[in-house]
1. Criterion first (at pLDDT below 95 and closer than 15 Å to MET12 by Cβ) does GLY192 satisfy it?
2. Checking the structure you have, find out if any residue of segment 178-194 is in contact with an Asp or Glu (Cβ under 9 Å, 6 or more places away or on another chain) and free of Cβ contacts under 8 Å to residues at least 60 places away in the same chain.
3. I need the full set of residues from segment 110-128 which are in contact with a Gly (Cβ under 6 Å, 6 or more places away or on another chain) and of a type in the set (Gly, Ala, Ser), in order please.
4. Against the conditions (1) free of Cβ contacts under 8 Å to residues at least 60 places away in the same chain; (2) surrounded by 15 or more Cβ atoms within 10 Å (Cβ to Cβ); (3) in contact with an Asp or Glu (Cβ under 9 Å, 6 or more places away or on another chain), where does PRO47 fall short? Just the number, please.
5. ASP148: open to solvent by less than 80 Å² (accessible area, probe 1.4 Å), in contact with a Phe, Trp or Tyr (Cβ under 9 Å, 6 or more places away or on another chain) and of a type in the set (Asp, Glu), yes or no?
6. List the pairs whose first member sits in segment 1-27 and is more than 26 Å from VAL132 (Cα to Cα) and touching a residue at least 12 places away in the same chain (Cβ under 8 Å), whose second member is among the hydrophobic types (A, V, I, L, M, F, W, C) and outside any helix (DSSP H, G or I), and whose Cβ atoms are under 6 Å apart, counting only residues at least 6 apart or on separate chains?
7. Looking at (1) among the β-branched types (Val, Ile, Thr); (2) farther than 15 Å from THR55 by Cα; (3) surrounded by 15 or more Cβ atoms within 10 Å (Cβ to Cβ), which is the only condition VAL135 fails?
8. Which members of segment 70-105 meet the condition of being surrounded by fewer than 14 Cβ atoms within 10 Å (Cβ to Cβ) and farther than 24 Å from SER53 by Cβ?
Amino acid sequence: MMGPAHSLSGAMAWLGVGAAAAAADHPMPWPVLVAGTLICAGAALAPDLDHKSATISRAFGPFSRILAGLIDKLSSAVYNATRGPRDRRRSGGHRTLTHTWIWAVLLGAGFSGAAVAFGRWAVLFTLFVHMVLAVEGLLWRMARVSSDVLVWLLGAATAWIIAGVLNEPGNGANWLFTDEPYAWLGLPIVLGAVVHTLGDAITISGCPMLWPLPIAGRRWYPLGTPSFMRFRAGAWVENKVLMPAFIVLGAAGGVGAGLLTP
């Protein structure tokens, strides 16, 4: 799928988690629901950092373009070093390492660990990165005609405000992990990456999300729906069916999270 659809699916997923958490007697304070929704929307773009033309690869100027090149080379090297007997050698790394659930978990754990170990500045960095990506994904029409600096300023301001609100007693710094403030920050990051892989799995190319499990002689088997249910990224079904569905389901999750919270 394309960036906007990925971001919408990420936002929808966290709002759904909010409703489920409330139903399970672990309701999210509203700042966690809002922050997590935006983080998950941004994180749903992150797996495409292995592609130089992706939204995330352009989001932070030269830094993200250089990083995208490095991630592409790393992904290609890991793919070729671990490929199964029926996997063809590749020169590019798109839809390989960063599109696996192992990568998603490691990424989320890294951000959570940094937040716990380094406190406020790590939280601000995490929020800034994902707020910028959320703006790029959810407000893509405005972001494309705006300057990068304005998007960065909006991301920085949003990160600063959210961090201040979360830091207030009872607003969610200790949600779910009472002894480790902000340990939950990695959860929407993992979820966003996983939702991205599921979105790619319903496109023509599929997605090797379960690497390194061997499937049919391949360790990079592109899982997906039956071929007749797949579509090309950016096709009408994505724009006319899936994106409206994500909006409706996300709204339902948000309402459910609010109604089920004591």
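The values are calculated or read from the model by the stated rules, or taken from the named source; none is laboratory data. Because the structure is predicted, anything quoted here is derived from the model rather than measured. Glycine also receives a Cβ, built like all others from the backbone with ideal geometry; neighbour counts cover every protein chain displayed. These area figures cover heavy atoms from the full protein model, side chains too; ligands, DNA and RNA do not enter into them. Shrake-Rupley method; radii C 1.70, N 1.55, O 1.52, S 1.80 Å.
1. Numbers: at pLDDT below 95: no; closer than 15 Å to MET12 by Cβ: yes.
Criteria not met by GLY192.
2. Pass one, segment 178-194, residues in contact with an Asp or Glu (Cβ under 9 Å, 6 or more places away or on another chain): none.
Scanning segment 178-194, I find no residue that is in contact with an Asp or Glu (Cβ under 9 Å, 6 or more places away or on another chain) and free of Cβ contacts under 8 Å to residues at least 60 places away in the same chain, so the answer is no.
3. In the first step, residues of segment 110-128 are kept if they are in contact with a Gly (Cβ under 6 Å, 6 or more places away or on another chain); the result is 111-112, 128.
SER112, the sole residue that qualifies.
4. Status for PRO47: all satisfied but (1).
5. Details: open to solvent by less than 80 Å² (accessible area, probe 1.4 Å): yes; in contact with a Phe, Trp or Tyr (Cβ under 9 Å, 6 or more places away or on another chain): yes; of a type in the set (Asp, Glu): yes.
Yes: the conditions hold for ASP148.
6. ALA21/MET28
7. Tallying (1) among the β-branched types (Val, Ile, Thr); (2) farther than 15 Å from THR55 by Cα; (3) surrounded by 15 or more Cβ atoms within 10 Å (Cβ to Cβ), VAL135 fails exactly one: (2).
8. ALA81, PRO85, ARG86, ILE102
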